[in-house]
1. For the list (1) within 13 Å of the ligand (Cβ to nearest atom); (2) surrounded by fewer than 16 Cβ atoms within 10 Å (Cβ to Cβ); (3) among the small types (Gly, Ala, Ser), I need the number of the one condition that ALA39 fails.
2. So, THR63, is that one open to solvent by 30 Å² or more (accessible area, probe 1.4 Å), within 9 Å of the ligand (Cβ to nearest atom) and over 13 Å from ALA20 (Cα atoms) or not?
3. As an exercise: evaluate LYS26 against (1) over 13 Å from ALA90 (Cβ atoms); (2) open to solvent by less than 70 Å² (accessible area, probe 1.4 Å); (3) of a type outside the set (Phe, Trp, Tyr) and give the number of the one condition it does not meet.
4. Residue check: is THR49 more than 10 Å from the ligand (Cβ to nearest atom), surrounded by 13 or more Cβ atoms within 10 Å (Cβ to Cβ) and farther than 24 Å from GLU77 by Cβ?
Amino acid sequence: MVYKGFIPQLSHSGWVNTMAKVSVNKELCIACGVCWALAPDVFELDPATGKTKIKPPYLTKDTESVSEGSLPDNIVETTKNAASSCPTGAISVE
Ligand code: SF4
């Protein structure tokens with residue numbers, strides 16, 4: 001398995017970029033599937049809870065109420081698009 005998303009990237013100034021954080025509030029998720037369709041590399045249905053969770057290798061934390069992950073630069077825009085399309089505002093990207 002290749003974890004290309006976790007390869008540190010250098011900016012023009014030489015500083016290592018920090019990765020964006022994504023969070024799903026499971027209490028707000030209605031399992032509509034929009035985020036799974038728009039960002040299938042990042043989001044999936046957790047059959048155990050019937051809610052969205054972040055997929056490996058981006059997943060960093062998963063509890064009953066929240067799923068969190070770290071995103072490489074190349075999928076941040078796709079993830080933000082999914083977040084803005086979530087009908088309940090359950091997804092945040094920062
Ligand atoms: Fe849940 Fe929002 Fe994803 Fe729909 S778009 S499955 S409500 S997190």
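1. (2)
2. No, not satisfied.
3. Checking LYS26 against (1) over 13 Å from ALA90 (Cβ atoms); (2) open to solvent by less than 70 Å² (accessible area, probe 1.4 Å); (3) of a type outside the set (Phe, Trp, Tyr), the one that fails is (1).
4. yes
The values are calculated or read from the model by the stated rules, or taken from the named source; none is laboratory data. Please read these numbers as outputs of a predicted model, since none were measured by experiment. Methodologically, a virtual Cβ is constructed for each residue, glycine included, from the backbone with ideal geometry; neighbour enumeration extends over all protein chains shown. Side chains are part of the model used for accessible areas, which takes the heavy atoms of the whole protein and leaves out ligands, DNA and RNA. Shrake-Rupley method; radii C 1.70, N 1.55, O 1.52, S 1.80 Å.
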